[in-house]
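A short write-up of the structure that comes next.
The values are calculated or read from the model by the stated rules, or taken from the named source; none is laboratory data. Please read all numbers here as calculations on a predicted model, not as lab measurements. Using ideal geometry, Cβ is built from the backbone for each residue, glycine included, and neighbour counts are taken over all protein chains shown. Accessible surface is based on the protein model in full, side chains and every heavy atom, while ligands, DNA and RNA are left aside. Shrake-Rupley method; radii C 1.70, N 1.55, O 1.52, S 1.80 Å.
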Amino acid sequence: MNKWLLIILVLLGLYLVGSVFAFIAFGNDGVLGEKIEVISLDGEISTSSDNGLLQSGGVSSTDLVKIIKDVSEDDSVVGVIFEINSPGGSVVASQEIADAIKFLNKTNYAVIRESGASGAYWIASATDKIIASPMSITGSIGVYGSYLEFSGLFEKYGVNYERLISGKYKDLGVPYRNLTTDEMNLLQSKLNKIHEFFIKEVAKNRNMDINMIRNLSTGEFYLGEEAKDLGLVDVLGNRDTAIELMKQELNLTEINVVENKPKSSLIDAILGNVAFQFGRGFGSVLT
C-alpha cells in the first residue's frame, strides 16, 4: 500500500476515534462540566413544529417543551436562561411552555430583549426572575379575536353568501356576513374567559395581587422600565445581567454558558466536523 495513503487512513482513523470520544464526553455542545443553557424564543408562538423552534418560523411549543424536558434531565445544566424576543401568539402554546417551565428543576430566568408581550410575557412570568431591556415591549396582558369581514364588499359586487348550517353557531365568525348581537356577545364572553385565565396565571406566577394584575391587564404594553416600576419585571438588563445574577444565586465564580442547539446524531457530528475541517484547510490553501 502507498505509504501516503496509509498515513491518510491512519490520520482519518484517529480523527474519527477522537470525534466519537468528544461526542460521548462532551455531547452536542462540546462543553464539559456544569453550565448555564440559553434557550431562544424568537418570533410568534404556536403549537406547530413545522418550522422548528430554532428557525425563522417562530416558537413551537411542541419542540420547546421537549427541549425543556431534555434540559431538566441533564445533570450538567445548573441554570436556564430563556431569551425572549416575541410578540406572543397561541394561548394553548403559551400555556404549554409556561407549564413546562414550572416543572423545570433548574434555576431559570427570562430575558426580554426587544419584545416579551402577551403570550410571551405569560411564559416569562413562569420563570424565577424576569430581566428586561429598559426599552423593551413587555406586558400586553390581553386577548383579541378580531377578523376581517367582507359582507359589504360582497354586496357591492353582487356576491351572496348562502347560509346552510346545522347548529345555530356553526358558521360563527365567517367573514361573509355580519355577526348578530347574540353572536358578538358569545364571542366576547369566550375572550373574557381566556383573559381572566391569563390574568390568574400571571398573578400566581408573579406572586402578585390578582386585582393589581387585573388593573394592568388592559392589553397595554409597557416599556421595560415601566414594567419594572409596576412589578411585572424584576431587573433591568440583558443576558449578561442574567448570567451574573444566576452565578451569584448559585454561588458560582465561573460557569460555562452554552446556546441550546438542535441535537444531531453521531454521524452528523462526525461528518459536520470533517466538512468543517476540510473547508478550513482548503480555504487556508486558497489564501
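Brief remarks follow.
- Subset of the range 142-162 that is under 28 Å from the mean Cα position of the chain (by Cα) and modelled with pLDDT of 85 or more - its residue that is farthest from Leu216 (Cα to Cα): Val143
- Checked against (1) touching a helix residue (DSSP H, G or I) at 6+ places or on another chain (Cβ under 6 Å); (2) at pLDDT 85 or above; (3) surrounded by 13 or more Cβ atoms within 10 Å (Cβ to Cβ), Thr241 passes all but condition (1).
- Any hit, the range 186-202, residues being more than 13 Å from Trp122 (Cα to Cα), open to solvent by 100 Å² or more (accessible area, probe 1.4 Å) and assigned to a helix (DSSP H, G or I): yes
- Tally of residues being open to solvent by 100 Å² or more (accessible area, probe 1.4 Å) and either among the hydrophobic types (A, V, I, L, M, F, W, C) or over 30 Å from Leu230 (Cβ atoms) (or both) across the range 138-165: 8
- Against the list (1) of a type in the set (A, V, I, L, M); (2) free of Cβ contacts under 8 Å to residues at least 12 places away in the same chain; (3) touching a Phe, Trp or Tyr at 6+ places or on another chain (Cβ under 6 Å), the condition Leu164 fails is (3).
- Scope the range 96-137; condition in contact with a Gly (Cβ under 6 Å, 6 or more places away or on another chain) and either open to solvent by less than 20 Å² (accessible area, probe 1.4 Å) or of a type in the set (Phe, Trp, Tyr) (or both); matching residues: Ala117, Gly119, Ala120, Tyr121, Ala124, Ile131, Ala132, Ser136
- Selection status of Gly88, modelled with pLDDT of 95 or more and either basic (Lys, Arg) or under 13 Å from the mean Cα position of the chain (by Cα) (or both): no
- All positions within the range 232-260 that are touching a residue at least 60 places away in the same chain (Cβ under 8 Å) and in a loop (DSSP other than H, G, I, E, B): Leu232, Val233, Asp234, Gly237, Asn238, Leu250, Leu252, Ile255, Asn260
- Just one of the listed residues (Glu155, Glu162, Glu183) is in contact with a Leu (Cβ under 7 Å, 6 or more places away or on another chain) and either more than 30 Å from Asp234 (Cβ to Cβ) or not β-branched (Val, Ile, Thr) (or both), namely Glu183.
- Some residue of the range 55-74 being open to solvent by 20 Å² or more (accessible area, probe 1.4 Å), touching a Gly at 6+ places or on another chain (Cβ under 9 Å) and among the acidic types (Asp, Glu): yes
- Residues in the range 203-238 that are open to solvent by less than 80 Å² (accessible area, probe 1.4 Å) and either on the phi > 0 side of the Ramachandran plot or of a type in the set (A, V, I, L, M, F, W, C) (or both): 15 in all.
- Reported count of residues in the range 102-150, each being aliphatic (A, V, I, L, M) and more than 17 Å from Val233 (Cα to Cα), is 3.
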